[in-house]
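Q: Below: one structure in structure tokens.
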Amino acid sequence: MEKSAGVNVTNDSISVKGAVNRDGHGLSVEHVQTRGSGRTTTVAGQANIFKNEKAEMNASAYHTRNRTHDQFGGGMDISTATGHSASLGVHHVPCV
């Protein structure tokens, strides 16, 4: 299992992030506080659906929340050993 965590501080923002990954599956959480703009929190996940010597399929999803709205989405992708790939994604970002 791979784990990572970090903090990034600039003059205008503070960012805190943590993530865990294992065998093609992962989960991450990030929180950003920006001066004058408020804060944003994002939770994201990914999963390997299947993998063999000929192809690999993965799924991902995220949810982001800030002071005015939520946005979320997800997708799937497949790639082959011969170099072909395809992806499909859906994202909801409200008009504010």
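The values are calculated or read from the model by the stated rules, or taken from the named source; none is laboratory data. This is a predicted model, so every value here is computed, not measured. Heads up, the Cβs are rebuilt from the backbone with ideal geometry, glycines too, and the neighbour counts pull from every protein chain shown. With ligands, DNA and RNA removed, areas are computed over all heavy atoms of the protein, side chains included. Shrake-Rupley method; radii C 1.70, N 1.55, O 1.52, S 1.80 Å.
Q: Which of T64, T82, T40 ends up with the largest GNM mean-square fluctuation for the chain, with Cα atoms connected below 10 Å?
A: Ranking T64, T82, T40 by mean-square fluctuation puts T82 first.
Q: Be a star and scan segment 34-53 for residues whose amide nitrogen sits under 14 Å from the point 7 Å along the Cα-to-Cβ vector of I14.
A: Residues 34-36, 38-40 qualify, since their backbone N sits under 14 Å from the label point.
Q: Sequence-distant or interchain residues sharing an amide H contact under 5 Å with H25, placed H: which?
A: Amide H neighbours of H25: N48.
Q: Could you tell me what percent of the accessible area of the chain is made up of carbon and sulfur, with a 1.4 Å probe and every protein chain present? Don't jump to the answer; show the numbers that get you there.
A: Details: 3920 of 7170 Å².
Answer for the chain is 55 percent, counting heavy atoms of protein chains only.
Q: With +1 on each Lys and Arg Cβ and -1 on each Asp and Glu Cβ, how big is the dipole of segment 1-63 about its Cα centre, in debye rounded to the nearest 20?
A: Working: 7 positive and 6 negative charges, 29 e Å.
That gives segment 1-63 a dipole magnitude of about 140 debye.
Q: In square nanometres, what is one fourth of the surface area of the convex hull spanned by the alpha carbons of the chain? Show your work: numbers first, answer last.
A: Working: hull surface 30.6 nm².
It is 7.7 nm².
Q: Also, quick follow-up: How much length is gained on full extension from A47 to H92, taking 0.36 nm per residue of separation minus their Cα-Cα distance?
A: Values: separation 45, 0.36 × 45 = 16.20 nm, distance 2.04 nm.
Length gained, A47 through H92: 14.2 nm.
Q: Could you name the aspartates and glutamates whose alpha carbon sits less than 17 Å from that of K54, not counting residues in the same chain fewer than 8 places away?
A: Leaving aside aspartates and glutamates fewer than 8 places away in the same chain, those within reach of K54 are D77.
Q: Leaving out ligands and nucleic acids, and using a 1.4 Å probe, what accessible area per residue does segment 20-96 come to in Å²?
A: Working: 5610 Å² over 77 residues.
Heavy-atom accessible area per residue stands at 73 Å².
Q: Something else about it: Mind checking which aspartates and glutamates have their Cα closer than 18 Å to the Cα of K3? Skip sequence neighbours fewer than 8 apart in that chain.
A: Of all the aspartates and glutamates, those that pass the test against K3 - Cα under 18 Å, at least 8 places apart if same chain - are D23, E30.
Q: How large, in Å, is segment 49-96 by the Kirkwood hydrodynamic radius built from its alpha-carbon pairs?
A: Details: mean 1/r = 0.0803 Å⁻¹.
Averaging 1/r across every pair of different Cα atoms and inverting gives 12.5 Å.
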